[in-house]
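Let me begin by presenting the structure, written as structure tokens, before commenting on it.
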Amino acid sequence: MAQKFTLAVLVLLFVTLMAASAVEAQSGYRFVYAVLGNIYCTINGSTGASGAATPVFPGALVQLVCVNSTSPTLTATTKADGTFTIQTYNPIPSDCKVVVVTPLSTCNSSLPATGGLVSSLRTVGSIVLRTDKHFLYTPEGFSYVLDLPS
């Protein structure tokens, strides 16, 4: 029974990828999937009571972790302004989460030295740039968790 289910899932995945390739070939666009975001140096990674004055989290390692998927973990590092971009040519499964693995204490010693930030993804939309069609995602909102997904 489990083998039939696994085979059905693999066939469905293959058909989905082939359909995406066929659509890409017909449209003339190459599909790019991008996760864009900002990380602030707070317990929930967002602007705090200071609003625009909230310090950002530069140099933080950010991962796109897909728990129930065979997709590889993708990584990025936040820039000096706290922004990050993770791009791939493969569709992003719905079970993926954005995980900030760098301890929060790195940017503020009063924050926890273990755990990290985790957020689900929200689809923003798509945009065509030259020959690429970009599908854009952003974190829904970070939460501090002690045990990070891997």
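Here are the numbers for this structure:
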quantity	calculated
Output for region 108-124, where each listed residue is open to solvent by 60 Å² or more (accessible area, probe 1.4 Å) and either in a strand (DSSP E or B) or free of Cβ contacts under 8 Å to residues at least 12 places away in the same chain (or both)	S109, S110, A113, R122, T123, V124
Criterion: out of contact with any Asp or Glu (no Cβ under 6 Å at 6 or more places or on another chain), closer than 24 Å to D147 by Cα, open to solvent by less than 60 Å² (accessible area, probe 1.4 Å) and at pLDDT below 90 - qualifying residue of G48, G37, G82, G59	G48
Test set (1) in a loop (DSSP other than H, G, I, E, B); (2) exposed (fewer than 12 other Cβ atoms within 10 Å of the Cβ) - V128 fails condition number	(1)
Residues of region 131-144 that turn out to be open to solvent by 50 Å² or more (accessible area, probe 1.4 Å) and either more than 13 Å from V98 (Cβ to Cβ) or among the hydrophobic types (A, V, I, L, M, F, W, C) (or both), as a count	4
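The values are calculated or read from the model by the stated rules, or taken from the named source; none is laboratory data. Just so we're clear, the structure is a prediction, and the values are computed from it rather than from any experiment. FYI the Cβ positions are ideal-geometry reconstructions off the backbone, even for glycines, and counts take in every protein chain you see. Protein only, heavy atoms only, side chains kept; ligands, DNA and RNA dropped before computing areas. Shrake-Rupley method; radii C 1.70, N 1.55, O 1.52, S 1.80 Å.
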